[in-house]
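All remarks here apply to the structure that follows.
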Amino acid sequence: MTIEQKRVLQTSIPGPRSKELHARKTAAVAGGVGTTLPIYVTQAGGGIVVDVDGNQLIDFGSGIAVTSVGNAAPRVVDAVQEQVAAFTHTCFMVTPYEGYVAVAEKLNELTPGSFEKRSALFNSGAEAVENAVKIARHHTGRQAVVVFDHAYHGRTNLTMALTAKNMPYKHRFGPFAGEIYRVPMAYPFRWPTGPENCAEEAFAEFVSLVHTQVGESNCAAVLVEPIQGEGGFVVPAPGFLAKVADWCRENDILFIADEIQSGFCRTGDWFACEHEGVVPDLITTAKGIAGGMPLAGVTGRAEIMEAVHSGGLGGTYGGNPVACAAALGAIETMQAEDLAGAAKRIEQTMRPRLEALASKYDVIGDVRGRGAMLAVELVEPGTLTPNAKLTGEIAAACHQQGLITLTAGTFGNVLRFLPPLVIGDDLLHEGLDILEAAFAAKA
Ligand SMILES: Cc1ncc(COP(=O)(O)O)c(C=O)c1O
């Protein structure tokens, strides 16, 4: 059933039926699994999420950058329905099937680099990152992994160690996996000597820290998000990633791009590292790959991926046939509907309005991002002091008006926007109107 692409508020947000369900949630579900906006969903499609009270909210979150092709996208639904009726699981490691192979072929074709590649499929982003590290360690015979400030790579034990932020991701969950080393990110807005020096100085610091504290010859890989996601949509200073990638090559260290949030057309190209002309040795994908079904991948140079012995990689559900069918439907949608182009058009609509907002409200210190992965960072006016309180208030005001927005950032002071790439222009503008009204009321 298609959903009218229209915001509708029938009740306050959340409405009474959502509140009832939320009371059940609180009594039944572990409190550690938090909820940003407790409206209970019955349907979603295009740029709209429908709740149990009949409200229709504008979606600027895409379930955290997942439903890039839209929720219940027709090609995804058809592919899943056909697959689920044929067979649901055999385990690819026991008796394989074509869908897995076809997704691997697509990943090998679409990811940057014209060399021969191989892929392996998993269930979640964190699992893909864990496996990329396993493969890098196995191939190089080295253990150390270098990661960045503000990084987010997941919530499993190894990926907690790779993730930077303590609360809520790591607090009291240690001890963490060893041989992980953290270096500063080239974060232009917060670079002490100014954005113009950021790429150069951050690179010099990176080289020095790895040399003095890790040792190049102990280093298996450098793992980086080409645009940082949970860390606050930090776009590394132009040129920084290319310098790091070149340095990795000179030192036989693998460059792993975590494109789990930034990949699959989100930033206006298939992968965000393409904007910087960077070709990773390994690349991790998840989220947008399968239109909402759980699927993740590691793709990389054949000689690296093939280093691991048979049976060394895998898992019961990794590359589940239904998730693979969904991925093929999602990728076909991205190609047929030019969703990379759509992400660029979303930026053309959103960025000028966000910049206009920034010139009106001096609490907005920075507007950044790429494609349909955009954010504003809120500060105390004229300073770099994070303004998390106002960020939360603006997000809450948007929610009450039926706009799903998310926050992010190490300091909790970033409003991030991740609309489905199929959202219509009217909804995009209406969402921005709501955001502007929230600033007018709260800032
Ligand atoms: C860049 C990045 N890496 C890894 C992950 C972990 O993915 P998952 O939540 O599917 O385990 C995320 C999730 O937000 C992410 O944004």
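Annotations for the structure displayed:
- Across the stretch 211-257, the mean sequence separation of Cα contacts (distance under 8 Å, 6 or more residues apart), normalised by length, yields a relative contact order of 51 percent.
- Mean sequence separation of contacting Cα pairs (under 8 Å, at least six apart), scaled by the length of the stretch 104-179, corresponds to a relative contact order of 22 percent.
- Computed label-point distance, nm, for sites Asp252 and Leu9 using a 7 Å Cα→Cβ extension: 6.2 nm
- Within the chain, the longest segment free of exposed loop sites, counting chymotrypsin sites (Phe, Trp or Tyr not before Pro) that fall outside DSSP classes H, G, I, E and B and have at most 13 other Cβ atoms within 10 Å, spans 174-443.
- Of all the options Ala44, Ala326, Ala65, the one that moves most in a Gaussian network model of the chain with Cα springs shorter than 10 angstrom is Ala44.
- In the context of the full set of protein chains, the stretch 29-111 has a per residue accessible area of 45 Å² (1.4 Å probe).
- Each Cα pair under 8 Å and six or more residues apart adds its separation to the average, and for the chain the resulting relative contact order is 23 percent.
- Rounded to the nearest 5, the antiparallel percentage of DSSP beta bridges internal to the chain is 65%.
- Between the stretch 321-342 and the stretch 1-35, the Cα center-to-center distance that results, in Å: 29 Å
- Computed over protein heavy atoms with a 1.4 angstrom probe, the accessible surface ordering of Lys134, Lys389, largest first, is Lys389, Lys134.
- Prolate/oblate/rounded label for the stretch 143-232 (Cα gyration tensor, a/c 1.5): oblate
- Span-rule helices in the chain, defined as complete DSSP H runs reaching 30 Å or more along the axis (Cα) with Kyte mean at least -1.0: 339-360
- Shape of the stretch 41-171, Cα gyration tensor, a/c cut at 1.5: oblate
- Proximal lysines relative to Lys344, as straight alpha-carbon distance under 24 Å, when same-chain residues fewer than 8 apart are discounted: Lys6, Lys106, Lys287
- Rolling a 1.4 Å probe over the protein heavy atoms of the stretch 121-223, with every protein chain left in place, gives an accessible area that is 52 percent carbon and sulfur.
- The residues of the stretch 131-174 present an accessible area of 44 Å² per residue when probed at 1.4 Å with all protein chains retained.
- Inter-part distance, the stretch 100-129 to the stretch 362-435, computed on C-alpha centroids, equals 32 Å.
- Accessible surface, per residue, of the stretch 317-443 when the full set of protein chains is kept, probe 1.4 Å, Å²: 35 Å²
- Cα gyration tensor category, rounded, prolate or oblate, for the chain with a/c compared to 1.5: oblate
- Cα-centre dipole for the chain with unit charges at Cβ (Lys and Arg positive, Asp and Glu negative), debye to 20: 1180 debye
- Under 5 Å, built H, 5+ apart or other chain: amide partners of Ala44: Val50
The values are calculated or read from the model by the stated rules, or taken from the named source; none is laboratory data. Keep in mind that what you see is a predicted model, and the values were worked out from it rather than measured. Don't worry about glycine lacking a Cβ; one is built from the backbone with ideal geometry, like all the others, and counts go over all protein chains shown. The protein model used for the area step is the full one, side chains on, heavy atoms only, and it has no ligands, DNA or RNA in it. Shrake-Rupley method; radii C 1.70, N 1.55, O 1.52, S 1.80 Å.
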